[in-house]
1. Would you check if there is a residue in segment B:28-38 being crowded, with 19+ Cβ neighbours inside 10 Å, out of contact with any helix residue (DSSP H, G or I) (no Cβ under 8 Å at 6 or more places or on another chain), in the same structural domain as residue B:141 (by TED's automatic domain parsing) and in contact (Cβ under 8 Å) with a residue 40 or more places away in the chain?
2. Give B:12, B:110 a once-over and let me know the one that is under 23 Å from residue A:148 (Cβ atoms), modelled with pLDDT of 95 or more, touching a helix residue (DSSP H, G or I) at 6+ places or on another chain (Cβ under 9 Å) and assigned by TED's automatic domain parsing to the domain that holds residue B:140.
3. Among B:96, B:71, which is the only one that is within 13 Å of chain A (Cβ to nearest Cβ), surrounded by 19 or more Cβ atoms within 10 Å (Cβ to Cβ) and at pLDDT 90 or above?
4. Take segment B:81-93 and flag every residue that is away from chain A (no Cβ under 14 Å), in contact (Cβ under 8 Å) with a residue 24 or more places away in the chain and under 20 Å from residue A:150 (Cβ atoms).
5. Conditions first: (1) at pLDDT below 95; (2) closer than 30 Å to residue A:46 by Cβ. Residue A:125 passes all but one, so which condition is the exception?
6. Would you call residue B:116 modelled with pLDDT of 95 or more and within 11 Å of chain A (Cβ to nearest Cβ)?
7. Which one of these does residue B:125 not meet: (1) crowded, with 20+ Cβ neighbours inside 10 Å; (2) more than 21 Å from residue A:77 (Cα to Cα); (3) within 14 Å of another protein chain (Cβ to nearest Cβ)?
8. Please give the number of the condition residue B:132 fails out of (1) within 9 Å of chain A (Cβ to nearest Cβ); (2) at pLDDT below 90; (3) surrounded by fewer than 23 Cβ atoms within 10 Å (Cβ to Cβ).
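The values are calculated or read from the model by the stated rules, or taken from the named source; none is laboratory data. Remember, predicted model here, so these are calculated numbers, not experimental data. With ideal geometry, Cβ positions are generated from the backbone for all residues, glycine too; neighbour counts draw on all protein chains shown.
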């Protein structure tokens with residue numbers, strides 16, 4: 001898509017990578033973050049607004065599709081970040097989304113921009129309740145991936161049809177890599193044992 | 001998708017229709033509104049929050065995918081709607097998006113929720129300028145379909161690959177209908193002339 005075209009193009013200076021490249025999600029919050037970040041996982045972090053305009057012009061002139069850019073000199077943290085009152089959130093079992101995602105200090109602004117306004121709640125009833133508590137100025141995602149958006153629209157349903165999200169797939173891949181590493185280790189151990197057994201027999 | 005499943009289901013009470021069903025876009029603003037509304041064109045306007053929760057539970061329990069609901073008792077107008085200072089907007093050649101979309105009075109809240117925070121600007125430079133003027137609290141879309149989002153991310157590029165958006169296609173269909181009607185009218189006129197010529201000859 002457009003993203004790959006931009007990321008691969010050396011002529012577009014100042015590209016830092018996609019959001020998915022730059023963040024790590026805490027274990028257990030993969031579904032919530034897949035839902036709440038959605039297509040933003042493929043947004044491109046870029047040095048400044050002038051580079052973003054150049055990149056957009058280039059995409060346009062070469063008919064290479066569309067992309068969203070997060071210029072580090074233009075984006076701003078939104079909402080309260082981690083500065084929600086904890087005792088208020090505790091009543092709803094909610095946590096600020098910025099506390100369940102990790103990134104380099106250099107990109108903390110990206111997290112604040114994407115998630116500073118977002119809370120994670122245990123279920124949809126609690127999500128609606130905490131959204132009302134903050135006068136619907138916040139976005140609330142549930143652990144199951146349902147959403148109450150700022151202003152009060154609600155998104156939800158079953159996720160089976162769409163397949164796993166990018167973070168879930170990234171985690172699957174990591175799990176697979178770990179599994180593979182442990183199998184290779186077992187192989188090496190078996191081989192060593194076999195060799196020892198075989199040399200003992202000689 | 002999930003929307004069709006919900007819209008067709010008589011068991012889910014209080015459904016008014018999709019956003020695309022309920023709005024009309026002024027001529028010339030089709031691309032801008034396609035871009036800025038995007039998937040929100042398929043959001044489902046629903047009577048209240050309890051119905052939305054029921055609908056989400058039903059989608060989930062029957063594995064019918066996901067949908068976004070706009071509960072009329074929960075959503076709120078956002079931003080300033082049409083109440084931006086005109087002389088301020090004029091400096092950038094911008095207009096409030098709510099002024100280029102029509103709907104029944106009953107659904108004006110839906111427009112305010114979706115577009116109250118959005119401006120339309122002539123090009124990307126003006127869009128960035130007007131976004132900065134409002135401290136990046138607004139969303140600005142250009143006539144060509146580029147975007148400056150609240151908080152400062154920028155979206156743009158070529159639209160050729162993705163095919164026309166829903167509003168453009170709706171307009172194409174209307175144009176096609178009008179063309180068809182005028183061709184049928186011409187046909188009828190030719191037929192009448194032919195019949196008259198033929199009866200004159202008899």
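1. Yes; the residues of segment B:28-38 include at least one that is crowded, with 19+ Cβ neighbours inside 10 Å, out of contact with any helix residue (DSSP H, G or I) (no Cβ under 8 Å at 6 or more places or on another chain), in the same structural domain as residue B:141 (by TED's automatic domain parsing) and in contact (Cβ under 8 Å) with a residue 40 or more places away in the chain.
2. The match here is B:110.
3. Within the list B:96, B:71, the selection yields B:71.
4. Passing the criteria: only B:84.
5. If we test residue A:125 against (1) at pLDDT below 95; (2) closer than 30 Å to residue A:46 by Cβ, just (2) comes out false.
6. Considered against the rule, which asks whether it is modelled with pLDDT of 95 or more and within 11 Å of chain A (Cβ to nearest Cβ), residue B:116 comes out as yes.
7. (1)
8. Failed condition: (2).
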